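Colleague: To start, I am sharing the structure in question, which I have written as C-alpha cells.
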Amino acid sequence: MATRKTEPLQVPREPASSTAHLDLSKALKISLPNLKPTTETISLRMPASLLEVIRCEANKRDVPYQSLIKMALADHFSGQPR
C-alpha cells in the first residue's frame with residue numbers, strides 16, 4: 001500500500017499584541033460585586049488579654065475571631081459598616 005506524503009500545516013503567526021483588534025470606544029464598564037478582594041497574610045502582636053476578649057466576643061456573635069477583627073478594622077477605617 002502506498003503512503004501519501006503530506007506537507008506540515010503552516011499556521012500564520014500573528015504578533016503577540018492584540019491591541020490592533022480592540023476598539024476600546026465600544027468597551028463597557030462592568031461590576032463584579034461577588035469578586036473576593038485579594039488578601040494578604042500579616043502577623044499582629046497584641047496582649048493575650050485583648051485577644052481573649054476578641055475571641056469571646058466572636059464566639060458570642062458566632063463568627064471566627066479573625067473575621068471579627070477584620071470587620072472591626074473595616075468599620076473603623078472605611079466608615080462603612082459591614
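No value in this document is a laboratory result; all are computed from the given coordinates. Being a predicted model, the structure only gives us computed values, none of them experimental. Cβ: placed from backbone, ideal geometry, glycine included. Neighbour counts: every protein chain shown.
Colleague: Would you kindly state how much longer the chain becomes between Asp62 and Lys36 on full extension, computed as 0.36 nm times their sequence separation minus their alpha carbon distance, in nm to one decimal?
Modeller: Residue separation times 0.36 nm, minus the Cα-Cα distance, leaves 7.2 nm.
Colleague: Mind listing which GluC sites (Glu not before Pro) in the chain are in a DSSP loop and have 15 or fewer other Cβ atoms within 10 Å?
Modeller: Loop-located and lightly packed - Glu40.
Colleague: Using only Cα atoms and rounding to the nearest 10 degrees, what angle (0 to 90) does helix 65-78 make with the longest principal axis of the chain?
Modeller: 90 degrees
Colleague: Using only the Cα atoms of the chain, what do you get for the radius of gyration and for Dmax, in Å?
Modeller: 28.1, 87
Colleague: Between 0 and 90 degrees, rounded to the nearest ten: what's the tilt of helix 48-61 against the longest Cα principal axis of the chain?
Modeller: The answer is roughly 70 degrees.
Colleague: While we're here: Which length gain, in nm to one decimal place, applies between Ser18 and Arg55 when the Cα-Cα distance is subtracted from 0.36 nm times their residue separation?
Modeller: Full extension of this stretch gives 8.1 nm more.
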